[in-house]
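To start, the structure under review is shown below, and the notes come after it.
The values are calculated or read from the model by the stated rules, or taken from the named source; none is laboratory data. No experiment lies behind these values; they were computed from the predicted model shown. All Cβ positions, glycine included, derive from the backbone under ideal geometry; neighbour counts span all protein chains shown. Protein only, heavy atoms only, side chains kept; ligands, DNA and RNA dropped before computing areas. Shrake-Rupley method; radii C 1.70, N 1.55, O 1.52, S 1.80 Å.
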Amino acid sequence: VYSCNICGYCKSVCPVDVDMGALLQFSRAARMSAGVHPAALHDFWMREMEFAASEGSFSSPPKGKTSCSYAFYPGCQLGASNPEHVLKAYDFLQSKLDAGILLGCCGAPAYWAGDEAQMRANIDKIKKDWNDLGRPILIFACATCENLFSLFLPDIKRISLYEILAAAEEITPTRAFPEAAVFDPCAARGDDGMQSGIRTLAGKAGVQLEELREKNRCCGYGGHMR
């Protein structure tokens with residue numbers, strides 16, 4: 001149960017559509033509810049989520065406004081590892097759109113731990129912040145965030161940052177490599193807009209792309225694997 005990435009790959013290749021990951025996720029939630037879950041596997045990530053959803057959270061419409069049509073939701077990991085990417089992306093979005101910002105955690109640590117109570121509390125907080133911003137379309141940089149919003153907050157309209165960047169004529173990506181393959185994360189499975197946006201940006205940069213034999217494999221981060 002706790003060796004599963006909850007990545008959905010098994011269902012995507014199963015000839016009879018068995019979703020083993022959903023069964024293992026159900027087991028995690030049942031063990032959490034019964035108080036017999038291995039807390040040590042999830043403790044660090046749950047504390048990180050608590051920070052991202054409280055002291056590290058922030059929401060604001062554009063300066064001088066009380067609501068917005070769009071809001072950038074970069075996710076907690078991009079801001080933690082590359083805050084300059086969040087700032088530059090937000091500057092670009094503000095120049096193009098009526099865009100506010102919503103910083104927080106999508107709830108992935110709670111979901112992967114099977115902590116349904118914490119997941120529900122986080123969803124309620126996100127929904128309140130979203131309503132306070134005027135119910136904007138959310139712009140996602142993170143495939144995991146966008147995937148969890150599609151599962152738990154389907155009434156919130158979503159678009160990938162990479163779709164917007166790909167459609168912007170003034171964006172000229174840097175050609176980092178002459179040839180490359182795109183690693184589409186498991187959370188982007190079925191998200192055609194995100195996947196095509198990435199390929200468009202690579203094409204604009206003059207990168208020759210080769211497709212991987214198997215797409216949407218797990219990077220190993222998901223599910224708090226042991």
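Rg(Cα) of the range 61-110 divided by 2.2 N^0.38 Å?
Normalised Rg, Cα atoms only: 1.20.
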What is the magnitude of the charge dipole of the range 107-226 about its Cα centre, with +1 placed on the Cβ of each Lys and Arg, -1 on the Cβ of each Asp and Glu, and no other charges, expressed in debye to the nearest 20? 200
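Tally Lys/Arg at +1 and Asp/Glu at -1 over every other residue whose Cβ is under 14 Å from the Cβ of residue 46; what's the total?
Taking every Cβ under 14 Å from that of residue 46, the sum is -3.
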Size of the range 115-196 as Cα extents on the principal axes (Å, biggest first): 47, 28, 18
Spin-label point model (7 Å from Cα, Cβ direction): what's the residue 98 to residue 176 distance in nm? 3.5
Dipole magnitude of the range 1-101, debye to nearest 20 (Cβ charges: Lys/Arg +1, Asp/Glu -1, about Cα centre): 140
Fully extended, how many nm does the chain gain between residue 135 and residue 167 (0.36 nm per residue separation, minus their Cα-Cα distance)? 9.2 nm
Within the range 212-226: backbone nitrogen closer than 12 Å to the residue 85 label point (7 Å, Cα to C-beta): none
Estimate the FRET efficiency between residue 47 and residue 128 by the formula 1/(1 + (r/R0)^6), using the beta-carbon distance for r and 30 Å for R0, to the nearest 0.05. 0.85
What's the center-to-center distance, using Cα atoms, between the range 195-223 and the range 86-101 in Å? 24
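Give a quick list of GluC sites (Glu not before Pro) in the range 107-198 that DSSP marks as loop, anything other than H, G, I, E or B, with at most 13 other Cβ atoms within 10 Å.
Hits after loop and neighbour filter: 169, 170.
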For residue 65, which aspartates and glutamates qualify as cross-link partners when the Cα separation must be under 20 Å and same-chain residues fewer than eight apart are set aside? 91, 98, 129, 132
Based on the Cβ-Cβ distance from residue 54 to residue 214, what FRET efficiency comes out when R0 is 41 Å, to the nearest 0.05? 0.60
In debye to the nearest 20, how big a dipole does the chain give about its Cα centre with +1 on each Lys and Arg Cβ and -1 on each Asp and Glu Cβ? 180
In the range 28-128, which trypsin sites (Lys or Arg not before Pro) fall in coil by DSSP and have 15 or fewer other Cβ atoms within 10 Å? 63, 65
How large is the accessible surface per residue of the range 118-168, computed with a 1.4 Å probe and reported in Å² as a whole number? 43
Of the accessible area of the range 56-110, computed with a 1.4 Å probe and all protein chains kept, carbon and sulfur make up a percent value of 56
Among (1) 7, 30, 35, 22, 6, 0; (2) 7, 28, 31, 18, 9, 4, 1, 0; (3) 7, 22, 28, 22, 14, 5, 1, 0, which one is P(r) over Cα pairs in 10 Å bins from 0, in percent computed from these coordinates? (1)
Check every DSSP H run in the chain and write down those whose alpha carbon atoms cover 30 angstrom or more along the long axis and whose mean Kyte-Doolittle hydropathy is -0.5 or greater. none
